[in-house]
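First the structure, in the form of structure tokens, and then the observations on it.
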Amino acid sequence: MKKRYFGLKTKIIKSSRRTISLEVTPQKELIIRAPKHLSDAKIEEFIDRKKRWINKKSGQLAKYSPKRFIDGEEFLYLGNLYQLHFSDKNLSGVYFNDGFYIYQGNQGKAKELMVDWYKGRALDWLTRRVEKYGSLIDCRPNQVKVSWAKKRWGSYSCKTRNINFNWRIVMAPLMVVDYLVVHELVHGEYQNHSKKFWDRVGEVLPDYKKPRRWLKDNWLLLRL
């Protein structure tokens, strides 16, 4: 098979899964997950059928530009955009009040301060949502943690009963936060993505496909 498709470096992962899926990563890599028995010719046919989707995703990557952390720039928080402002007041860290405010003397470390703020808000929101949905699902993790994972939004460890989330999810609408929380909590019962798993997610969040689609289509927005 080709090493590159549509300008993207290609990686094929074969496993015991039943279906084939594609992922375009922020690192401009096309990841193909396929059943072990599927031939290269069949995989290439699938890629060809999905070329419009692949081009769309790679185009989104090309349009993405990193944040500059300048006055008036907009940042997401729970699905809404708020402007960043630099103040002459000697603020400690980030002050949020319908906008982000940072002491102008700290502009050089604005990204670091914003990340710390997001992590704190993420841990607060996610802990509360885990408590809410954990009681409904009868799954109560020992600890809720936030991390800066590159490829995963969340994970649940059956061994430690700890639940981990990518702090960037707090930029997304609350319905997406709730979907991610429920998704990982249900993994405490089903350690796969079987029909039973999705049926259980649907029992708790009947409209879960909507936030799932939002995350799939807008994940690029959740970056600094």
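Taking amide H atoms as placed 1.01 Å from N in the peptide plane, the amide H of residue 12 lies under 5 Å from those of 32, each 5 or more residues away in sequence or on another chain.
Note on residue 56 and residue 203: with the Förster distance fixed at 45 Å, the Cβ-Cβ geometry gives a FRET efficiency of about 0.85. Computed over protein heavy atoms with a 1.4 angstrom probe, the accessible surface ordering of 193, 37, largest first, is 37, 193.
Please give the Cα centre distance for region 4-46 versus region 166-207, rounded to the nearest Å. A separation of 25 Å, based on Cα centres.
Set the bar at 20 Å for Cα to Cα. Now go through 11/50; 56/196; 150/210; 3/42; 145/195 and name every pair that lies beyond it.
Correct reply: 56/196; 150/210; 145/195.
Bridge orientation summary for region 93-224: considering DSSP beta bridges with both residues in this region, about 55 percent are antiparallel. Can you give the accessible area of residue 144 in Å² (nearest 10), computed on protein heavy atoms with a 1.4 Å probe? Surface open to solvent at residue 144 totals about 30 Å².
Let me test this: with uniform point scatterers at the alpha carbons of region 67-140, what is the Debye-based log₁₀ I(q)/I(0) at q = 0.15, 0.24 1/Å? Log10 of I(q)/I(0), two decimals: -0.56, -1.05.
Please give the calculated 222 nm ellipticity per residue for the chain, where each DSSP H segment of at least 4 residues contributes -39500 (n - 2.57) and the sum is spread over every residue; nearest 500 deg cm²/dmol? Intermediate results must be reported in sequence, preceding the final value.
On the way: 6 runs with 84 residues, N = 224.
Value at 222 nm, helices only, nearest 500: -12000 deg cm²/dmol.
For region 1-112, the solvent-accessible area with a 1.4 angstrom probe is 66 square angstrom per residue.
Counting only protein heavy atoms and a probe of 1.4 Å, the accessible surface of region 115-178 is 49% carbon and sulfur. For region 125-212, take the convex hull of the Cα atoms, compute a quarter of its surface area, and give me that in nm², please. Averaged projected area of region 125-212's Cα convex hull equals 5.2 nm². When you restrict to C-alpha pairs under 8 Å that are six or more residues apart and normalise by the size of region 60-210, the relative contact order lands at 18 percent. Consider all pairwise Cα distances in the chain and report the whole-number % of them above 25 Å. Roughly 51 percent, once rounded to a whole number.
Only the Cβ atoms of Lys and Arg (+1) and of Asp and Glu (-1) were treated as charged; on that basis the dipole of the chain about its Cα centre amounts to roughly 1320 debye.
The values are calculated or read from the model by the stated rules, or taken from the named source; none is laboratory data. This structure is a prediction, so every number in the text was calculated from the model and none was measured. Cβ: placed from backbone, ideal geometry, glycine included. Neighbour counts: every protein chain shown. Quick note on the areas: whole protein, heavy atoms, side chains included, nothing else; ligands and nucleic acids left out. Shrake-Rupley method; radii C 1.70, N 1.55, O 1.52, S 1.80 Å.
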